[in-house]
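Report on one structure; see the data block that follows.
The values are calculated or read from the model by the stated rules, or taken from the named source; none is laboratory data. Since this is a predicted model, take the numbers as computed values, not measurements. So basically every Cβ, Gly included, is an ideal-geometry build from the backbone, and we count neighbours across all protein chains shown. Note: accessible area is taken over every heavy atom of the protein model, side chains too, but ligands, DNA and RNA are not part of it. Shrake-Rupley method; radii C 1.70, N 1.55, O 1.52, S 1.80 Å.
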Amino acid sequence: MTAHLHRLPPGPVDLTSIATDATPGFEGGKKQGAAALAALADELADLQERLWAERSTGSRRRLLLVLQGMDTSGKGGVLRHTVGLVDPQGVRITSFKAPTDEEKQHYFLWRIRKALPQPGYVGVFDRSHYEDVLIVRVHGLAEPETIERRYDEINDFEAELADDGVVIVKCMLHISAAEQKERLLARLDNPDKYWKFNPGDIDERARWGDYRTAYEVALERTNTEAAPWYVVPSDKKWYRNLVVGRLLLEHLRDMELEWPPADFDVDVQRGRLVEEAPVS
């Protein structure tokens, strides 16, 4: 099981004590990791289809994958290589950028609620409601008492989702400052990647310690039984993708998804087809 290797235990969080380049639970390298991820595809697709089919029974169940991490931690890579293993018609991906003028006029969870997956879907948040206790805290975009209140509001919100049939998988993609620097330099070394580079990312690196503190507080305060956090070592991209894939698979397995039974007489309908007149 992957979940127990990466599930954050209750209590204070020290991200410096969690290795960013380790590969717990896997002894192979990049090639073996890619093969292991590909091997998950058939079962992931089968379970996702079962979740999709459950909609026909009135089930409210769905899964929400929350991806958080510093710039270059690999949220987009997870979307391409891991979430990309399942049928896109049953996936809803939302990438949360800086709030629009309209969104700023509303409660911070307003835009999050609008993006929640419907029953039967796998929803993915590329960044999420946690930005409102991370970047907002680091840049002082809200009063401290407002941010403090939001931790409890997030916990209440996620408990509400869990009660409504949402399985929440929260992954913090954990990279080192050195690895981020290498990834930013790689973008500058390749003209095909210039479009991905944002000069502001260098400015944000100067706040690395502030972001780490913000993450540690948020992880500790919102690591609940209904929606626990998983800290995924992400310096090795292939391992990051594999871990998220295994977490998705384990959570879908735990849902014990079954194919909906027929709401018609199967033998009668088979007989109709067998006995029908030739179609011209």
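Taking segment 124-189 and the helices (runs of 4 or more DSSP H) fully enclosed by it, the elements with 1 or more residues that are in contact with a strand residue (DSSP E or B) (Cβ under 8 Å, 6 or more places away or on another chain) and open to solvent by less than 10 Å² (accessible area, probe 1.4 Å) are at 144-163.
The residues of segment 226-256 that are open to solvent by 100 Å² or more (accessible area, probe 1.4 Å) and under 30 Å from G29 (Cβ atoms), listed by number, are K237, R253, D254.
Inspect segment 87-94 for any residue being polar (S, T, N, Q) and under 23 Å from T224 (Cβ atoms) and give the result as yes or no. Scanning segment 87-94, I find at least one residue that is polar (S, T, N, Q) and under 23 Å from T224 (Cβ atoms), so the answer is yes. Residue check: D164 meets all listed conditions (1) within 15 Å of K75 (Cβ to Cβ); (2) touching a residue at least 24 places away in the same chain (Cβ under 8 Å) but one, namely (1).
G25 meets the conditions (1) on the phi < 0 side of the Ramachandran plot; (2) surrounded by 14 or more Cβ atoms within 10 Å (Cβ to Cβ) in every case but one. The failed one is (1). Annotation note: of A35, A19, A98, the sole residue that is among the hydrophobic types (A, V, I, L, M, F, W, C), closer than 30 Å to E258 by Cα and surrounded by fewer than 17 Cβ atoms within 10 Å (Cβ to Cβ) is A35.
Yes/no matrix, rows are residues, columns are (1) without any contact (Cβ under 8 Å) to a residue 60 or more places away in the chain; (2) open to solvent by less than 60 Å² (accessible area, probe 1.4 Å); (3) not small (G, A, S):
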| residue | (1), (2), (3) |
| --- | --- |
| E43 | no, no, yes |
| L65 | no, yes, yes |
| G69 | no, yes, no |
| K75 | no, yes, yes |
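Within segment 190-203, the set of residues being in contact (Cβ under 8 Å) with a residue 24 or more places away in the chain, open to solvent by 70 Å² or more (accessible area, probe 1.4 Å) and either within 30 Å of L8 (Cα to Cα) or of a type in the set (G, A, S) (or both) is empty.
In segment 257-275, the condition of being surrounded by 21 or more Cβ atoms within 10 Å (Cβ to Cβ) and at pLDDT 95 or above is met by no residue. Just one of (1) within 16 Å of the chain's Cα centre (by Cα); (2) of a type outside the set (G, A, S); (3) closer than 18 Å to V166 by Cβ fails for W110. It is (1). The C-beta contact set for segment 109-132 (first residue touching a residue at least 24 places away in the same chain (Cβ under 8 Å) and farther than 19 Å from G77 by Cβ, second residue among the basic types (K, R) and assigned to a loop (DSSP other than H, G, I, E, B), distance under 9 angstrom, 6+ apart or interchain) comprises P119/R60; P119/R61; G120/R61.
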